[in-house]
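What follows is a set of notes on a single structure, which appears directly below.
The values are calculated or read from the model by the stated rules, or taken from the named source; none is laboratory data. Remember, it's a predicted structure, so these values are computed and weren't measured experimentally. Every residue, glycine among them, receives a Cβ derived from its backbone with ideal geometry; neighbour counts consider all protein chains shown. Each accessible area value is taken on the protein alone, full model and side chains, heavy atoms only, with ligands, DNA and RNA left out. Shrake-Rupley method; radii C 1.70, N 1.55, O 1.52, S 1.80 Å.
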Amino acid sequence: MSVQKLVLEYLMSHQNQPISGQALADEFSVSRNAVWKAIEILRQKGYQIVSQGNTGYQLKGMSHQLDPEQILHQIDEMWEGLYIENHKEVTSTNDLAKQFNITNRGQNGLFIAEKQTQGRGRRGRNFHSDLSKGLYFSLTIRPKVDDPQDVPRYTIAAATAVVQAIEALTDKDIKIKWVNDLFYNGRKISGILSEAVTDLETGGFSAIVIGIGINLSGDFSAASQDVQDVAGTLFGESLPESFNPNQFLKTFLNYFGRYHLDLLAPDFLSIYRDHLLGLNQEVTYLINKEKHRGIIEGIDTDGHLLVRQTNGQLETLIGQEVHFSSKQFAQQADTQEDTQDEN
């Protein structure tokens with residue numbers, strides 16, 4: 001481990017205790033000059049490290065630049081050994097995660113980018129990934145389930161964990177459009193794409209790759225009209241100084257990790273249900289290009305959507321078979337908020 005990482009880990013673990021450069025040098029058996037260089041690099045990365053006279057160095061503020069060391073600091077034990085890469089721009093973080101699985105079979109990995117040039121959503125659709133501030137990341141994990149029918153639960157668990165992380169760190173009220181989109185203020189701010197990596201030798205799954213894109217801030221003036229009709233951001237046109245993406249990713253990982261350990265437990269399904277967009281609302285949807293209409297009544301114990309059709313029959317919808325127009329939900333969310341404002 002580099003001196004820089006050793007010093008940062010120590011300062012994060014002892015934020016209330018100043019320590020001298022000599023004490024740090026002795027702690028890690030390096031020169032005082034090596035410690036000074038490490039401190040200067042950390043400052044350049046945005047860490048607010050003050051020198052307090054003869055008492056030494058103390059960490060007063062965390063960097064908001066993406067930093068694997070900060071994400072992993074005091075994270076839940078299940079993520080021990082998590083490999084992390086962060087990039088300014090990539091084609092697709094899911095592609096990086098899949099490539100990682102080829103040579104690192106069975107290892108958990110997290111791939112993060114501020115911009116994607118070929119981001120994609122369900123059914124091969126493009127995902128707009130060109131905002132001034134976006135957060136796009138893919139998590140690859142060894143699956144805890146064997147039945148292909150249980151794989152979609154990862155999407156539901158991930159959506160629940162993202163909602164909880166956002167709500168834990170902000171005052172935002174997030175809704176989930178079944179099965180994989182997140183809405184805020186009547187606009188889509190996030191999409192999730194889960195993909196199973198098949199083991200050709202056994203025919204089972206060697207990994208699950210979960211790709212998540214979040215529109216943090218910016219505008220969509222350069223996007224297509226279809227995107228402008230639906231898309232929004234979590235923080236408007238500018239990112240607040242209080243938002244730290246490292247803290248968000250750590251919080252997400254801790255929530256999601258608990259669900260991953262027991263994916264068949266019902267805990268996260270109730271949270272997902274509480275944030276379901278369009279509950280008790282009439283919607284239209286396509287199954288094999290055939291149009292249907294009904295009222296959303298909730299989800300079942302497997303996370304499938306329950307819709308009461310116009311003929312009174314309760315239909316159970318499975319994610320891979322169904323397409324809902326996001327524009328329909330954006331309009332519906334706007335209507336719901338208008339009603340709340342009137343009340």
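See the values below:
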{"quantity": "Options I112, I84, I49: the member that is modelled with pLDDT of 95 or more, open to solvent by less than 50 Å² (accessible area, probe 1.4 Å), more than 14 Å from L249 (Cα to Cα) and among the hydrophobic types (A, V, I, L, M, F, W, C)", "calculated": "I49"}
{"quantity": "Answer from K144, K188 - the residue that is of a type in the set (K, R) and outside any strand (DSSP E or B)", "calculated": "K144"}
{"quantity": "Lone qualifier among L131, L135, L96 - being modelled with pLDDT of 90 or more, open to solvent by less than 70 Å² (accessible area, probe 1.4 Å) and either touching a His at 6+ places or on another chain (Cβ under 8 Å) or not in a strand (DSSP E or B) (or both)", "calculated": "L96"}
{"quantity": "Test: residue in the range 148-165 that is basic (K, R) and touching a helix residue (DSSP H, G or I) at 6+ places or on another chain (Cβ under 6 Å)", "calculated": "no"}
{"quantity": "Among (1) at pLDDT 95 or above; (2) open to solvent by 10 Å² or more (accessible area, probe 1.4 Å); (3) outside any helix (DSSP H, G or I), the one test that V179 misses", "calculated": "(1)"}
{"quantity": "Residue count, the range 147-176 (criterion: in a loop (DSSP other than H, G, I, E, B) and in contact (Cβ under 8 Å) with a residue 12 or more places away in the chain)", "calculated": "5"}
{"quantity": "Conditions (1) more than 21 Å from P68 (Cβ to Cβ); (2) open to solvent by 70 Å² or more (accessible area, probe 1.4 Å); (3) not in a helix (DSSP H, G or I); number of the one not met by M1", "calculated": "(1)"}
{"quantity": "Scan of the range 300-310 for residues that are touching a residue at least 60 places away in the same chain (Cβ under 8 Å) and out of contact with any strand residue (DSSP E or B) (no Cβ under 6 Å at 6 or more places or on another chain), ordered by number", "calculated": "D302, G303"}
